[in-house]
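**Q** The structure's right below; bear with me while I get my questions together.
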């Protein structure tokens, strides 16, 4: 069962996706934009800040979690 995200995190994701024009910051796709925490969500108290979230398409988000994309290059 998934856990409910805190309100601050939901708002930060919305802000980040709006800032990024709902466009993947890796490949430019606008298909299924998702917010990805640059620094770990659970381990950093500032993780829910919009400047810690980058917009990725579903495909690039999956690749980022698999270690196939280094977001620090972008």
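The values are calculated or read from the model by the stated rules, or taken from the named source; none is laboratory data. Computed from a predicted model, the values in this text were never measured in an experiment. Reconstructed Cβ throughout: ideal geometry from the backbone, glycine too, with neighbour counts over all protein chains shown.
**Q** Being modelled with pLDDT under 95 and in contact with a helix residue (DSSP H, G or I) (Cβ under 7 Å, 6 or more places away or on another chain) is the filter here, so list the residues in segment 1-29 that pass it.
**A** 12 - this is the single residue of segment 1-29 that is modelled with pLDDT under 95 and in contact with a helix residue (DSSP H, G or I) (Cβ under 7 Å, 6 or more places away or on another chain).
**Q** If I ask for residues that are surrounded by fewer than 19 Cβ atoms within 10 Å (Cβ to Cβ) and modelled with pLDDT of 95 or more, which ones from segment 42-63 would you list?
**A** 58, 59, 62, 63
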